[in-house]
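One structure below.
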Amino acid sequence: MIENSKVLVTGGAGFIGSNLVDRLLAQNNQVVCLDNFSTGKLENLEKALKNPEFILIEGDIRNYDDCRKAVVGCTCVLHQAALGSVPRSIADPVTSTDVNIGGFVKMMFAAKDEGVGRFVYASSSSVYGDHSGLPKVEHQIGKALSPYAVTKYADELLAANFSAMYGIETVGLRYFNVFGPRQDPSGSYAAVVPKFINSIINHENLHVFGDGTFSRDFTYIENVLQAIQLAASTPSSIIKERQQAYYKRNQELRVPGISETIAEVFNTAVGQYTSIAELADTLKRILARFDHTLARVDVTYGPARPGDVPHSMASCEKSQAILGYKPTHTISQGLEETCNWHWQRAHLNVRQ
Ligand SMILES: NC(=O)c1ccc[n+]([C@@H]2O[C@H](COP(=O)([O-])OP(=O)(O)OC[C@H]3O[C@@H](n4cnc5c(N)ncnc54)[C@H](O)[C@@H]3O)[C@@H](O)[C@H]2O)c1
């Protein structure tokens, strides 16, 4: 756990970032949030803004001065700011690469210039691209299928290079379809879980891209918060010790030298898959407990979207072996909590 530290969360007004901000504040940290509110919302920070240990900097990761100002005095950076969504990156690759690669380098460079020890960043399961192997293991990736995937892979390469060049430790977390409270259900780039929940609550048909057999390793936000904290707080000596044991067990991999600066990537997932059709059924079943007519919402199917991989499920072996990561929430537990949150928000106007 990260405690009694000053930490920078970029993208702290977004879904993952704002949950992280609240958790870090609850653990007696001073938290700086750098966000340009392009997809993030001030309402996500309603609770944080009441805490004197919270500092909000409205700025852009594409501006080095904003990055430098935000990172002053921080022991680590938890970099979440990016433009998510595969379809968005296909529609506008210029802005996605500008933010996700250009902004990433500026933030990491500012962190290095400020003497930050470790830079933990959000990568993505999209890095696995067209590699068909399952479960996904960190060292076997395929060809990227979207500009978004390219940006996340470029970040991993840049992070490894920065560690070698400048000695800043970097840890990338390849998130697999994260879901939970505060994830935005609106707009054409919304993720499938909040989008389906919102449609069901509004008695609207669910539209599936493809025949519903595509599957994902849906990961509840609590598991992601755990992975981020382990990635940031596990001492270097422990990571190095565990790296030696892990890489020696996997003989085709090069064992990192003990004096090398840490530059790692880890899957952040549960290690279970759920098809999109199953997801739709489960969400209807959970929400029908609030209103039984919701069980009648129809599901329609259409062509698959370009850039979407058919199946995605992680091996969590490496994250478990080196970070001690152990997911605490199954998809069912997470979906129950998430449906509950959306229902309350829609019907009781409760902000959480
Ligand atoms: N949600 C997922 O399933 C998932 C999966 C894989 C990876 N990721 C990655 O996790 C991170 C967080 O994702 P999220 O789901 O919380 O998305 P989000 O859109 O809710 O949050 C991203 C935040 O970054 C901010 N931001 C964007 N561009 C910025 C810029 N130029 N300067 C400053 N702030 C900027 C946004 O305003 C927003 O608050 C992203 O890096 C995303 O690529 C998410």
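The values are calculated or read from the model by the stated rules, or taken from the named source; none is laboratory data. Here the structure is a predicted model, which means the values were calculated and not measured. Methodologically, a virtual Cβ is constructed for each residue, glycine included, from the backbone with ideal geometry; neighbour enumeration extends over all protein chains shown. What goes into the accessible areas is simple: the full protein's heavy atoms, side chains included, and nothing from ligands, DNA or RNA. Shrake-Rupley method; radii C 1.70, N 1.55, O 1.52, S 1.80 Å.
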In degrees rounded to 10, the 0-90 angle between helix 104-113 Cα long axis and the longest Cα principal axis of the chain is 30 degrees
Gap separating the Cα centres of region 277-333 and region 135-188, nearest whole Å: 20 Å
Restricting to Cα pairs below 8 Å that are 6+ residues apart, what does the relative contact order work out to for the chain? Please round to a whole percent. 18 percent
Number of Lys pairs (Cα under 24 Å; 8 or more positions apart or on different chains) in region 45-173: 8
Taking a spot 7 Å from the Cα of Ile90 along the direction of its beta carbon, which residues of region 138-154 have an amide N less than 19 Å from it? 142-153
With +1 on the Cβ of every Lys and Arg and -1 on the Cβ of every Asp and Glu, the dipole magnitude of region 1-122 about its Cα centre, in debye rounded to the nearest 20, is 200 debye
Protein accessible area in the chain, 1.4 Å probe - carbon and sulfur %: 51 percent
Where Asp66, Asp281 fall by accessible area, highest first, once all protein chains stay in place (1.4 Å): Asp281, Asp66
Arrange the peptides 302-315, 155-168 so that the one whose residues have, on average, the most other Cβ atoms within 10 Å appears first. 155-168, 302-315
With Cα springs under 10 Å, the Gaussian network model of the chain assigns the largest mean-square fluctuation among Val208, Val255, Val178 to Val255
About its Cα centre, how strong a charge dipole does the chain have in debye, to the nearest 20, once Lys and Arg get +1 and Asp and Glu get -1 at the Cβ? 340 debye
Please give the helix 15-26 orientation as an angle from the longest Cα principal axis of the chain, in degrees from 0 to 90, rounded to the nearest 10. 60 degrees
Roll a 1.4 Å probe over the protein heavy atoms and report the accessible area of Tyr301 in Å², nearest 10. 120 Å²
Total charge dipole magnitude, region 189-311, about the Cα centre, Cβ charges on Lys, Arg, Asp, Glu only, Debye to nearest 20: 220 debye
Accessible area (Å², 1.4 Å probe, nearest 10) - Glu3: 100 Å²
Output the 0 to 90 degree angle, nearest 10, between the alpha-carbon long axis of helix 276-287 and the longest principal axis computed from the alpha carbons of the chain. 70 degrees
Work from the charge dipole of the chain (Cβ charges, +1 for Lys and Arg, -1 for Asp and Glu, about the Cα centre) and give the residue of Val265, Val9, Val32 farthest towards its positive end. Val265
The answer for region 6-348, accessible area per residue at 1.4 Å probe in Å², is 41 Å²
Given H placed on each backbone N at 1.01 Å, which residues far from Ser123 in sequence or on other chains put an amide H within less than 5 Å of it? Leu173, Arg174, Tyr175
Can you give the accessible area of Ser237 in Å² (nearest 10), computed on protein heavy atoms with a 1.4 Å probe? 80 Å²
